[in-house]
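Novice: One structure follows; several queries about it will come next.
Read-outs throughout are calculated quantities, based only on the coordinates presented, and are distinct from any laboratory measurement. This one's a predicted model, so the numbers in the text were calculated from it and none came from an experiment. Here the Cβ positions follow ideal geometry from the backbone for every residue, glycine too, while neighbour counts run over all protein chains shown.
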Amino acid sequence: DAMVIQNPRYQVTQFGKPVTLSCSQTLNHNVMYWYQQKSSQAPKLLFHYYDKDFNNEADTPDNFQSRRPNTSFCFLDIRSPGLGDAAMYLCATSRPNRAGEQYFGPGTRLTVT
Amino acid sequence: AQSVTQLDSHVSVSEGTPVLLRCNYSSSYSPSLFWYVQHPNKGLQLLLKYTSAATLVKGINGFEAEFKKSETSFHLTKPSAHMSDAAEYFCVVSRSPGGYNKLIFGAGTRLAVHP
């Protein structure tokens, strides 16, 4: 089945230690998104790629970076995690111009100690 | 500007009784509206969508929603709740600048289903 896969499902990192979360998709969608979701809140868009074009949300901290080496993979890098970065990180994909139909992965829950 | 307001943060129903999750929207033009569901520790799944076709939209797992322009509402309903429906539900409006879909989420409604 076509899907969005996130690894790992659970990640523990230390305060200030860089961490990378990964996302892959078999849907061949042009657009990939990263969201941050804190407990009991709605997901918050961090950035997205349209093909190789990177689009950062205005309020996304510089501490968060992303890479998309090819259509299938996208990475979220947190350069110096703080305690406030503990959250669920969701990857999603969509086709261009398909209003609102995003396909989400299961998420990576990040704990910062 | 577009926004959605989910009127209830928590809804509790008994198994087998109807479900109503309320959502109002604000949009300066004809909106695209969606309901997403999120089960505990899982990603979001699209339940149903409204994109200016039929105003009564049927989705997965027996859910449906009715777009009412006069009331600016898009409430989610299900005739008979099942234990597996317990989850967080998000009402979403979408705008599509430049070919990608920016989702604007409501705050979410947590649905509890009791035996």
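Novice: To two decimal places, what compactness ratio does the protein assembly as shown give when its Cα radius of gyration is scaled by 2.2 N^0.38 Å?
Specialist: Compactness ratio reported: 1.02.
Novice: Partner chain Cβ atoms within 10 Å, averaged over the residues of B:37-44 - can you pull that number for me?
Specialist: 6
Novice: Further question: If amide H atoms are built 1.01 Å from N in the plane of the peptide, which residues on other chains or at least 5 residues away come under 5 Å of the amide H of B:ALA112?
Specialist: Long-range HN contacts for B:ALA112: B:VAL11, B:SER12, B:VAL13.
Novice: Once label points are set 7 Å from the Cα along Cα→Cβ at both B:LYS69 and A:GLN41, what is their separation, rounded to one decimal in nm?
Specialist: Taking the two extended label points, one gets 3.6 nm.
Novice: Then there's this: Across the residues of A:80-93, average count of Cβ atoms on other protein chains within 10 Å?
Specialist: The shielding value for this peptide is 1.
Novice: Another question, then. Lysines within cross-link reach of A:LYS38: Cα-Cα under 26 Å, excluding same-chain residues under 8 positions apart?
Specialist: Candidates past the 8-residue exclusion: A:LYS17, B:LYS42, B:LYS49, B:LYS102.
Novice: Now for a different question. Report P(r) for the range A:4-112: all Cα-Cα distances, bin width 5 Å, range 0 to the bin holding the largest distance, values in whole percent.
Specialist: Taking every Cα pair in the range A:4-112, the percentages come to 2, 13, 25, 27, 20, 10, 3, 1.
Novice: Could you tell me the distance between the Cα centroids of the range B:41-115 and the range A:82-113, to the nearest Å?
Specialist: Using only Cα atoms, the two centres lie 18 Å from each other.
Novice: For B:LYS58 paired with B:ALA112, estimate the spin-label separation in nm (one decimal), with each label point 7 Å from Cα along the Cα-to-Cβ line.
Specialist: Going by the 7 Å Cα→Cβ label model, 3.3 nm.
Novice: Another one. Considering Cα pairs under 8 angstrom that are at least six residues apart, work out the relative contact order of the range B:3-114 and quote it in whole percent.
Specialist: Taking the mean separation of contacting Cα pairs over the length of the range B:3-114, I get 37 percent.
Novice: Just to check I understand the Karplus step: with θ = phi - 60° and J = 6.51 cos²θ - 1.76 cosθ + 1.60, what whole-Hz values come out for the range B:52-67, glycine and proline as x?
Specialist: Result, ordered by residue: 6, 9, 5, 7, 9, 10, 9, x, 7, 6, x, 7, 8, 9, 10, 7 Hz.
Novice: Still on this structure, please answer the following. Given +1 on the Cβ of Lys and Arg, -1 on the Cβ of Asp and Glu, and no further charges, what dipole in debye does chain A carry about its Cα centre, rounded to the nearest 20?
Specialist: Taking the Cα centre of chain A as origin, the dipole is about 220 debye.
Novice: Taking only C-alpha pairs under 8 Å that are 6+ residues apart, what is the relative contact order of the range A:4-112 in percent?
Specialist: Dividing the mean separation by the residue count of the range A:4-112 yields 39 percent.
Novice: Using the Cα centre of the range B:3-114 as origin and beta-carbon charges of +1 (Lys, Arg) and -1 (Asp, Glu), tell me which of B:ASN61, B:ALA81, B:PRO18 is placed farthest towards the positive end of the dipole.
Specialist: Sorting the options by dipole projection puts first B:ASN61.
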